[in-house]
Amino acid sequence: MAEQNQNQPDAGAGNAEVKSSKSSMKFIIIGIVVVILAAGGYIGWTKFIKQPAEAKETVGKTASVQQSEQSGDSIGQVFDLETFLVNLADRGGKRYLKTKITLELSSELAVEEATARMPQLRDGILLLLSSKSMEEIQGIEGKIALRSELVMRVNQILKQGKVRNLYFTEFVIQ
């Protein structure tokens, strides 16, 4: 009997340790699940909900800028750029964008300056295009946002004239 009494307290202590380790593992697993769900919610918010709202704001700004700059139905000076072929900033670098861009410039001086600054224009446009991922430019909102970014980039380079509008005459993502 003495041997049984000695074994029984040890068995009771073992059960308590097993129960406490099971309950602590339960809390650890619940904590991990909560962290994973919170991270997923944050990623979903930033990728799918927040960006479309920003794109809508950009679309509204682009439309108002274009309306304010066009003081009538006259078309500005048209300036064609050579075709751009860039790798997109996607994982693995397997996607590329091929686009042809036509600029509507404010004056003949702007056309002359654009011709003289062609290397700077191409460099700025290539850097901007290659920094985009397919998801950013795939939809109509993405293309409109890209258009407004390109107009701003080109207007930073040009000093004597401004871009009134930018047209994509080719736009292929593969």
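The values are calculated or read from the model by the stated rules, or taken from the named source; none is laboratory data. Computed from a prediction, not measured in an experiment: that's the story for all the values here. Cβ placement follows ideal geometry from the backbone for every residue including glycine, while neighbour counts extend to all protein chains displayed.
Tabulated values for the structure
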| quantity | calculated |
| --- | --- |
| Qualifying residue in the range 83-96 (condition: part of a helix (DSSP H, G or I), out of contact with any strand residue (DSSP E or B) (no Cβ under 7 Å at 6 or more places or on another chain) and under 27 Å from Lys47 (Cβ atoms)) | yes |
| The range 8-47 - residue that is among the basic types (Lys, Arg) and more than 30 Å from Glu135 (Cα to Cα) and, of those, modelled with the highest pLDDT | Lys26 |
| Of residues in the range 131-153 being among the polar types (S, T, N, Q) and surrounded by fewer than 16 Cβ atoms within 10 Å (Cβ to Cβ), the one farthest from Asn165 (Cα to Cα) | Ser133 |
| Restricting the range 124-174 to residues that are assigned to a loop (DSSP other than H, G, I, E, B) and of a type in the set (Gly, Ala, Ser), the residue that is nearest to Ala114 (Cα to Cα) | Gly161 |
| Test result for Gln120, in contact (Cβ under 8 Å) with a residue 12 or more places away in the chain, in a helix (DSSP H, G or I) and surrounded by fewer than 17 Cβ atoms within 10 Å (Cβ to Cβ) | yes |
| Residue selected from the range 154-174 under the condition exposed (fewer than 13 other Cβ atoms within 10 Å of the Cβ), touching a residue at least 40 places away in the same chain (Cβ under 8 Å) and more than 18 Å from Asn87 (Cα to Cα), by the criterion farthest from the chain's Cα centre (by Cα) | Lys159 |
